[in-house]
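Trainee: One structure follows; several queries about it will come next.
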Amino acid sequence: PMSVLGVLFGGIKRQSINFVLLSFVAAFMKRAEGWSLIDVLYYWNCTATTIGFGDLSPKTQLGRLLAVFFIPLSVVTLGEVIANCFAYVTSRAAAKAEKDFIRRDITLSDLEYLDVNGDGRVDELEFVTFMLLAMQKVDMRMMNDLKHLFHALDAGKDGFIQKEDLITLRQRKRLA
């Protein structure tokens, strides 16, 4: 498993072309504005994080022209790196919550809730449906759409999809 630091460096690596472009633009801005390296890094940081204190800004025409490209590119690049890290952290938390949910004990009240048809037993379909809905892998609309699809493919209306059903459906389609 990768660490947050590994994801951070991976995100930076994926944005390497943008960082190279930003470095070139920053070098041109440094020269056009007469800034020190610290000034350029400070400007880059304030710009990319959208803090924008305003105490250091381009004054020359060339510096302002370069800022038109530098500002959006630096914001987007940093945003992508942060988004990668955030996605990693949230996916790890979601995976842990899912694993904990699957490992938990089923209670009597769960059993009553799972028993959709009220026969006092939970069949495989009821259990799988409940788990998929509870883990938010599907929503009720999707489950209903899948049930409708199954019933549409079950030409014999016997609760099974068989080769004969598909042949019957194909023949019906040809006649229509």
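Trainee: What are the ³J(HN,Hα) values, in whole Hz, obtained from phi via the Karplus relation 6.51 cos²θ - 1.76 cosθ + 1.60 with θ = phi - 60°, for each residue of the stretch 44-53 in sequence order, with x given for Gly and Pro?
Mentor: 4, 5, 5, 6, 5, 8, 6, 6, x, 4
Trainee: Right, something else. Tell me what the chain gives for mean residue ellipticity at 222 nm when only DSSP H runs of n ≥ 4 count, each as -39,500 (n - 2.57), the sum divided by the residue total, rounded to 500 deg cm²/dmol.
Mentor: Mean residue ellipticity at 222 nm (helix-derived): -24500 deg cm²/dmol.
Trainee: Here's another thing I want to ask about it. Kindly report, to the nearest 10 Å², the accessible surface of VAL4 as traced by a 1.4 Å probe over protein heavy atoms only.
Mentor: 70 Å²
Trainee: Enter the angle in degrees (range 0 to 90, nearest 10) between the Cα long axis of helix 61-103 and the first principal axis of the Cα atoms of the chain, meaning the one along which they spread out most.
Mentor: That works out to roughly 30 degrees.
Trainee: Going out from 0 in 10 Å bins, what whole percent of all Cα-Cα distances in the chain drops into each bin?
Mentor: The calculated distribution, bin by bin, is 8, 21, 16, 13, 14, 14, 10, 5, 0.
Trainee: Would the stretch 3-75 count as rounded, prolate or oblate if I go by the C-alpha gyration tensor, calling it rounded below 1.5 in a/c and otherwise prolate when a/b exceeds b/c, oblate otherwise?
Mentor: It is prolate, given that a/c is not under 1.5 and a/b is the larger ratio.
Trainee: So, one more: At q = 0.22, 0.23, 0.29 Å⁻¹, what is the base-10 log of I(q)/I(0) for the stretch 79-119 according to the Debye formula with one equal point scatterer per Cα and no solvent? Please give it to two decimals.
Mentor: -0.75, -0.78, -0.91
Trainee: With the contact rule set at Cα under 8 Å and sequence spacing of 6 or more, what percent relative contact order holds for the chain?
Mentor: Relative contact order, the chain: 17 percent.
Trainee: Give a residue-ordered list of calculated ³J(HN,Hα) values for the stretch 9-16 (Karplus: 6.51 cos²θ - 1.76 cosθ + 1.60, θ = phi - 60°; whole Hz; x for Gly, Pro).
Mentor: 5, x, x, 5, 4, 5, 9, 4
The values are calculated or read from the model by the stated rules, or taken from the named source; none is laboratory data. Small disclaimer: the values here were computed from a predicted structure and weren't measured. Please note that ligands, DNA and RNA were not included when accessible areas were found on the heavy atoms of the full protein model with its side chains. Shrake-Rupley method; radii C 1.70, N 1.55, O 1.52, S 1.80 Å.
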